[in-house]
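Heads up, the thing below is written out as structure tokens.
The values are calculated or read from the model by the stated rules, or taken from the named source; none is laboratory data. Just so you know, these numbers come straight off a predicted model, no measurement behind them. Cβ: placed from backbone, ideal geometry, glycine included. Neighbour counts: every protein chain shown. Remember, those area values only see protein heavy atoms, side chains included, never the ligands or the DNA or RNA. Shrake-Rupley method; radii C 1.70, N 1.55, O 1.52, S 1.80 Å.
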Amino acid sequence: MKVIVANHAGFCFGVKRAVEKAYEQLNKKDNIKTYTLGELIHNPHVVNDLYEKGIKSIEDINSINENSRIIIRTHGISEDLYSKLKEKNLEIEDMTCPFVKKVQNIVKKYYNNGYNIIIVGDEKHPEVRGVNGWCNNTAYIINSSENMEIIPKFNKACVVAQTTITQEQWEKVLKILKNKVKELISFNTICDATNKRQKAAEELSHIVDIMIVIGGKKSSNTQKLKKICEKNCKKTYQIESKEELNLILFKKDYTIGITAGASTPGYIINDVVNELMYKKGE
Ligand code: F3S
């Protein structure tokens, strides 16, 4: 069997920065307890490791004492929640990815200038919920060109993208919006890391027999990679770690493509590759 890893796969710059910041806290000797607001990244291995080392994730800031330290994850938070953290006198380590911060700033600016805000993305995703919180939770959120009826005809609107959606998703929605909104200002805020991972995965999925997409089940960008690969390679599987390889049937002459979501650490990718090297196939 031959194994090829996509040119761009695994930890992106924003996630790497946030994870390093979390581990950095473990070396501090100031007796301030550190928490993450929500699971730091969508990867259970990293979240469990941090938990075992003493950094818990919390959902509700009322569950912790004042003067604790709180890490804001890459997805960012709403403006309102940000103020609450400050009011509570928490020490804030803001690891909102700069690409997400840029979306929050755009939304705030155009909302204050009287534009309706449209976000193309998943309304349940923490990044989208956070961004919506910079326009007073008034955004119209659409995930695909199939539910466009929720968008009324506007005179003016500003549309942004969740950083991890696909170009195809963005372009389809934008095309329809152009006919619905008189004055439409659009910002394609899909991040560079997402673009690179998606392109590399797409190219690879054309030339392999089987694609393995490594990443957390809750990870939005991993799910998008899977969807992209499935279009070209029917045998596409998403796994979180090497243990799940046992559920997949491999043949001796297979060429196997590997890609991984932006929250998958390099050591998990290496584990999977090493495991495949020892597999004989049928
Ligand atoms: Fe940031 Fe993009 Fe990663 S938004 S956290 S660089 S996937």
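What the table below lists for this structure:
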{"read-out": "Leading residue by the ranking (modelled with the highest pLDDT) among those in segment 188-219 that are within 16 Å of the ligand (Cβ to nearest atom) and of a type in the set (Ser, Thr, Tyr)", "value": "Thr189"}
{"read-out": "Unmet requirement for Thr222, which otherwise passes all of (1) within 16 Å of the ligand (Cβ to nearest atom); (2) β-branched (Val, Ile, Thr); (3) under 25 Å from Asn116 (Cα atoms)", "value": "(3)"}
{"read-out": "Pairs where the first residue, in segment 156-173, is within 15 Å of the ligand (Cβ to nearest atom) and open to solvent by 20 Å² or more (accessible area, probe 1.4 Å) and the second is at pLDDT 95 or above and part of a strand (DSSP E or B), C-beta under 6 Å, 6+ apart", "value": "none"}
{"read-out": "Scan of segment 99-134 for residues that are farther than 24 Å from Leu40 by Cα and outside any helix (DSSP H, G or I), ordered by number", "value": "Asn113, Gly114, Tyr115, Asn116, Ile117, Ile118"}
{"read-out": "Residue within segment 159-178 that is touching a strand residue (DSSP E or B) at 6+ places or on another chain (Cβ under 7 Å), assigned to a helix (DSSP H, G or I) and within 25 Å of Ala9 (Cα to Cα) present", "value": "yes"}
{"read-out": "Residue count for segment 143-155, restricted to those that are surrounded by 15 or more Cβ atoms within 10 Å (Cβ to Cβ) and touching a Phe, Trp or Tyr at 6+ places or on another chain (Cβ under 9 Å)", "value": "2"}
{"read-out": "Residues located in segment 201-257, provided they are basic (Lys, Arg) and within 19 Å of the chain's Cα centre (by Cα)", "value": "Lys217, Lys218, Lys224, Lys226, Lys227"}
{"read-out": "Count of residues meeting criterion [open to solvent by less than 70 Å² (accessible area, probe 1.4 Å) and more than 20 Å from the chain's Cα centre (by Cα)] in segment 112-139", "value": "6"}
{"read-out": "Positions within segment 153-202 being among the small types (Gly, Ala, Ser) and under 19 Å from Val107 (Cα atoms), in sequence order", "value": "Ala157, Ala161, Ser186"}
{"read-out": "Residue check for Ile185: among the β-branched types (Val, Ile, Thr), away from the ligand (no atom under 16 Å from the Cβ) and buried (at least 19 other Cβ atoms within 10 Å of the Cβ)", "value": "no"}
{"read-out": "Residues of segment 99-111 satisfying the condition of being open to solvent by 70 Å² or more (accessible area, probe 1.4 Å) and within 16 Å of the ligand (Cβ to nearest atom)", "value": "Phe99, Lys102, Asn105"}
